[in-house]
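A.B. asks: One structure coming up, written as structure tokens, with questions to follow.
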Amino acid sequence: MRRVVFAAVAAVALLSLLAAAAAPAAAQQTLRLVTGELPPYAFHVPPPTVAEQGEAQGLVFDVVREVARRIGHPQGVEFMPWARAQDLATTRPGFGILALTRSPEREDRYAWVFNVVTDDLVLVGGAGVDATSLEPVKGRPTGVLVRSGAEQLLREQGFARVQPAPEEWINAQRLRDRLIDAWLAPRLMVLHAVREVGGDVSGLNIGAVVRRSEIWFAASRDLPEAELARWRRGFEEVRADGTYDRILARYARLRPAPVPEEARRATIPWAN
């Protein structure tokens, strides 16, 4: 009888130990990190339209990767079409997504982990186009990144000639070739895309700053508070020791080499 009682007590103790060990693991959720080709925030050199294998980099990519390293996150960042990355992060649990503009339209759809950088959402006009506000271009073909905050903003304001593109360099090319009359995008993305297609940024007709554009690392809404806090602590460490400032300075100096049109492997999906 004593043996039975002892065995039962030992079993309960073992189960308690296992439960205690499992509790921290349950509190930590291994996020699957996803992003799109979003230079200069997250991108490849050379780009996927030129080569199958490129080096992943970017202002937001480098910051999130460094935070992940410090908190012991075991997975890398997956690149995929931007629309699919957003679909995964909003319809399935356990996803982290970078680099996502925080906007009123998206506020309730994600857990907002940390703001990596703040940019300006700017309106760029073609030659001779009034870009001082959105109103003068409301009836004109206007380029945006597909499934972006810029696209949603224009559609909500009744723009009927919105021209979404899967990557911003396509918008830079369309504006240069007068296939669109205006383009709405974060300033840093505009400058990078124009340089990527061989354009001169000094001649850009940058008009209105439509709103501030906070670029975030976000996650599926189910992210536990403990995991949210762990990522935020990692980000604060990266800021505190100067690593964040060094990454920011590196991309402030970045001047991408133009990509010749004949080097692109993908057919541009012209919408006009």
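A.B. asks: Would you list the helices (runs of 4 or more DSSP H) that sit entirely within region 169-272 and hold 1 or more residues that are polar (S, T, N, Q) and at pLDDT 95 or above? Even if it seems obvious, please write down each step before you answer.
C.D. replies: Values: elements: 187-196, 225-240, 243-252.
Qualifying helices (runs of 4 or more DSSP H): 243-252.
A.B. asks: Having 2 or more residues that are closer than 18 Å to residue 190 by Cβ is the bar; report the helices (runs of 4 or more DSSP H) wholly within region 51-160 that clear it.
C.D. replies: Details: elements: 59-71, 82-91, 149-156.
The helices (runs of 4 or more DSSP H) meeting that bar are 59-71, 149-156.
A.B. asks: Go through region 152-188 and give me each residue that's over 18 Å from residue 101 (Cα atoms) and basic (Lys, Arg).
C.D. replies: 161, 174, 176, 178
A.B. asks: Are any residues in region 165-210 buried (at least 20 other Cβ atoms within 10 Å of the Cβ) and not aliphatic (A, V, I, L, M), and if so, which ones?
C.D. replies: Result: 167, 168, 169, 171, 173, 174, 181, 183, 186, 192, 195, 196.
The values are calculated or read from the model by the stated rules, or taken from the named source; none is laboratory data. Here the structure is a predicted model, which is why all the values come from computation and not from measurement. Neighbour counts are summed over all protein chains in view; Cβ atoms, including those assigned to glycine, are modelled from backbone coordinates with ideal geometry.
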